[in-house]
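See structure below.
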Amino acid sequence: MAVFNTEAHEEMVAWAVENGGFMHSSLKFCGGPIGASVIATAKIPAGTPLVTCSRKLAITHAAAATRFPAPFSAGVESHTLLCFFLCQQKLAGDLSFWAPYIDTLPNKFDTPLYFDDADKAFLDGCNMGEGDIEGRREAWQAEWKQGVEVLQGLWEATEGYTWELFLWAATIFTSRCFPETLLDSVAPSIPGEKSAGETRQVLFPLVDSLNHKPLTKVTWRSSADKMTVVAESATKADHEVFNNYGPKSNEELLMGYGFAIKDNPTDSVALRMAPPLSPVQASIRALQPQPATPNIFHISMHAKPAIPDSLICLFRLLTATPLEAPLLAATPAERVSTRNELAAYTHLYYALSMKLRPFATDCPEPQNNKQSFAAVYRRGQHVILSYALGYVEAALQVLQGEESFVTLRTALWDERFAPAVEACFETKVRVELEAAGQGDLVLVLYLCWRYINGDWPEWFAQAAREYNFDPSAPAAPAATTADDEDEDMDEDDDDGAEETFAALFPDAAEEAPEVFGGPAWTPQLLGWMVRVFRGESVDGVVPGHGDGGAGDGSVCGVSPW
């Protein structure tokens, strides 16, 4: 942040106008709590050009290249060249053509590369962490070291080109630059509009003096020799005149510009996800909707829907069972089953919950601008993640109410099956069955019974192929010993199905012959259904509806439709 100097800004305006620039006569510079601002002294109607920077004033790659030996300009990246050029002009002082402009630039910043440990504490839980900050610092330091080495190799003087000065120049560019393509465009540009391919940076003195306000209606009108900001809405007298840098999140604003905006309407949370995929999954993923930036998904309160389709599709893929994968391959961007949808949203629920955990600890009262802006950024992240979690919770509630999902509750509501459960397990109360560790077993038995009854033939036929079950194969004899029948199914393999079967039969057939009687009940059937259940079921979270009171409950089941 710079200490505002009225005289320096007046000199900068005079210099700009003398060299082809323009500033509307009803605009003036004023100091503010975080630097200079531009104020309207009279009403300015829509369609009015506000400020103009000529090509002569602009700090471009071409201008920088003429001030260094050709091997240097060709041997470093454009960003490095521009930063060294700005350092060079800063060191030149009043001898620089750009001195009136440089004299108005801030010397201190509130970007995270200038944070101390106390400031960084306000970023706890946010996407922007120590790794991101130090990653940028290391990248810029590598540029600076390379530039110094190249200059020294050319026998050029490098005194004064310190790391601190390079950091200052690099921060000037992140906080004030525009795409150089604006100088080559003849069509009006929308602020923040992306250009194809690599875009070099440029500084537009005077034009870059306008502060950012989201959704401000302006046009960047450019030509081969100048760039002008045009107001597309009226500005009242004594009100600040703003530019619009594009739809930037507070994370981008804080990292690049050193500020954040309360209730930023273009704020978002970036979720970085690049899970390892099998070859089959990768082939399906290539057909699904993709985020604008690979592996980065933006969640926003102002987007419709709040969770991008590309992220939902990824979770559908990650949670697809062997029976669902072919369906997803056929319709990669569509919902394929209630089970898969519930699994996708459940895993997303847990991911967002984990992301929210660090926000449970409040930060202390901010003591400086860095901490204040970091607190605004952090609160925005918290609010957006909480909103997204609520969105997922609502989707889960709807999914768990769909009749196409088969759960323990479904089995116990079946008027024919429920009495058989009570006869064999001495209860048909879901909570009691789950507490005894028998809930999954009852649901597996229910699926066996529906198979025996000839229900859902297509789903069961596909499950038989996928999970290696031959209904025509002769039944093997059941095990003659069994573990305690209160024990749930073996967790490691379906061999435990034989012991479970021996513990249940023939007693179950005698207690409820209308359900558990008949030769179709075999250990092989039970073992197969155990495999189907493990491969095709999902433990779905029920937000805020745990049977024990506070907290989350769960629902487990399959979706055979």
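Brief remarks follow.
- Residue in region 14-33 that is nearest to the chain's Cα centre (by Cα), counting only those that are under 21 Å from Pro106 (Cβ atoms) and open to solvent by 80 Å² or more (accessible area, probe 1.4 Å): Pro33
- Looking at region 69-156, the helices (runs of 4 or more DSSP H) lying wholly inside it that each contain 3 or more residues that are under 15 Å from Ala169 (Cα atoms) and open to solvent by less than 30 Å² (accessible area, probe 1.4 Å) sit at 78-92, 99-102, 130-153.
- Criterion: open to solvent by 40 Å² or more (accessible area, probe 1.4 Å), of a type in the set (Asp, Glu) and farther than 30 Å from Ala121 by Cβ - qualifying residue of Glu324, Glu365, Glu334: Glu334
- Only one of Leu165, Leu151 that is touching a Cys at 6+ places or on another chain (Cβ under 6 Å), modelled with pLDDT of 95 or more and not charged (D, E, K, R): Leu165
- The set of residues from region 205-221 being of a type in the set (D, E, K, R) and within 21 Å of Ala260 (Cα to Cα) comprises Asp208, Lys213, Lys217.
- Cβ-Cβ distances below 7 Å connect no pair with a first residue in region 500-513 that is in contact (Cβ under 8 Å) with a residue 12 or more places away in the chain, a second residue that is surrounded by 18 or more Cβ atoms within 10 Å (Cβ to Cβ) and hydroxyl-bearing (Ser, Thr, Tyr), and a separation of six or more residues or different chains.
- Scanning region 504-540 for residues that are outside any helix (DSSP H, G or I) and over 22 Å from Ala473 (Cα atoms) turns up Ala512, Ser537, Val538, Asp539, Gly540.
- Test: residue in region 382-398 that is in contact with a Ser or Thr (Cβ under 9 Å, 6 or more places away or on another chain), without any contact (Cβ under 8 Å) to a residue 60 or more places away in the chain and farther than 30 Å from Ile261 by Cβ: no
- Annotation: of all residues in region 509-528 being open to solvent by 10 Å² or more (accessible area, probe 1.4 Å) and among the aliphatic types (A, V, I, L, M), the one that is farthest from Tyr467 (Cα to Cα) is Ala509.
- Here Glu341 qualifies as assigned to a helix (DSSP H, G or I) and of a type in the set (Asp, Glu).
- Pick from region 291-321, criterion more than 18 Å from Ala395 (Cβ to Cβ) and of a type outside the set (A, V, I, L, M), ranking: surrounded by the fewest Cβ atoms within 10 Å (Cβ to Cβ): Pro294
- Close pairs from region 1-30: first within 19 Å of Trp98 (Cα to Cα), partner open to solvent by 70 Å² or more (accessible area, probe 1.4 Å) and at pLDDT 95 or above, Cβ under 6 Å, at least 6 apart: Ala8/Asp103; Asn19/Lys56; Gly20/Lys56
- Odd one out for Phe242 among (1) crowded, with 18+ Cβ neighbours inside 10 Å; (2) over 30 Å from Ser209 (Cα atoms); (3) free of Cβ contacts under 8 Å to residues at least 40 places away in the same chain; (4) in contact with a Leu (Cβ under 9 Å, 6 or more places away or on another chain): (2)
- Sole residue being closer than 30 Å to Cys83 by Cα, small (Gly, Ala, Ser) and modelled with pLDDT under 95, chosen from Gly246, Gly256: Gly246
- Residue match in region 390-400 (condition: assigned to a loop (DSSP other than H, G, I, E, B), of a type in the set (Val, Ile, Thr) and open to solvent by 60 Å² or more (accessible area, probe 1.4 Å)): no
- Identity of the residue in region 222-238, part of a loop (DSSP other than H, G, I, E, B) and either more than 28 Å from Ser268 (Cβ to Cβ) or hydrophobic (A, V, I, L, M, F, W, C) (or both), that ends up most open to solvent (accessible area, probe 1.4 Å): Lys236
The values are calculated or read from the model by the stated rules, or taken from the named source; none is laboratory data. Every value quoted in this text rests on a predicted model; they were computed, and no experiment measured them. Positions of Cβ are generated from backbone atoms using ideal geometry, with glycine treated the same way; all protein chains shown enter the neighbour counts. Note: areas computed on protein heavy atoms with side chains; ligands, DNA, RNA excluded. Shrake-Rupley method; radii C 1.70, N 1.55, O 1.52, S 1.80 Å.
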